[in-house]
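*Asks:* Quick one: the structure is below, questions incoming.
The values are calculated or read from the model by the stated rules, or taken from the named source; none is laboratory data. The model shown is predicted, which means the values in this text are computed figures rather than measured ones. We place every Cβ from the backbone using ideal geometry, glycine too, and count neighbours over all the protein chains shown.
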């Protein structure tokens, strides 16, 4: 298991985190992946992770690319998740926001890459 976590951490280093906070989130993501390796759903492919956007009764699951761990808007959601739930989440990462907010972040990035 340690070698697996090491490989994930090495793979995440490709994203060259710009801040200490981004590195912290990458290491947490690697640990979460390693902890759930036996129960990762088939739709979570290599280089992705699952996120649950939860606000009141609204819940939506997203599959997100690992490079969003360097996106300032997504890091803001992770800060909110840390405040709300702490770093001890198991399984899919939960963020305390409306699903539309996560979708907006994903859509904005797609628009950037089109130009």
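*Asks:* Can you tell me which of 75, 52, 69 is in a helix (DSSP H, G or I), in contact with a strand residue (DSSP E or B) (Cβ under 9 Å, 6 or more places away or on another chain) and modelled with pLDDT of 90 or more?
*Replies:* Details: 75 fails: in contact with a strand residue (DSSP E or B) (Cβ under 9 Å, 6 or more places away or on another chain); 52 fails: in a helix (DSSP H, G or I).
The unique qualifying residue is 69.
*Asks:* Here's something else I'd like to know. Restricting to region 85-99, what's the tally of residues that are surrounded by fewer than 13 Cβ atoms within 10 Å (Cβ to Cβ) and farther than 23 Å from residue 46 by Cα?
*Replies:* Going through region 85-99 one residue at a time, the tally reaches 1.
*Asks:* Please go through region 62-84 and give me each residue that is crowded, with 17+ Cβ neighbours inside 10 Å, closer than 17 Å to residue 47 by Cα and out of contact with any helix residue (DSSP H, G or I) (no Cβ under 9 Å at 6 or more places or on another chain), ordered by number.
*Replies:* Once the filter is applied, which keeps residues that are crowded, with 17+ Cβ neighbours inside 10 Å, closer than 17 Å to residue 47 by Cα and out of contact with any helix residue (DSSP H, G or I) (no Cβ under 9 Å at 6 or more places or on another chain), region 62-84 yields nothing.
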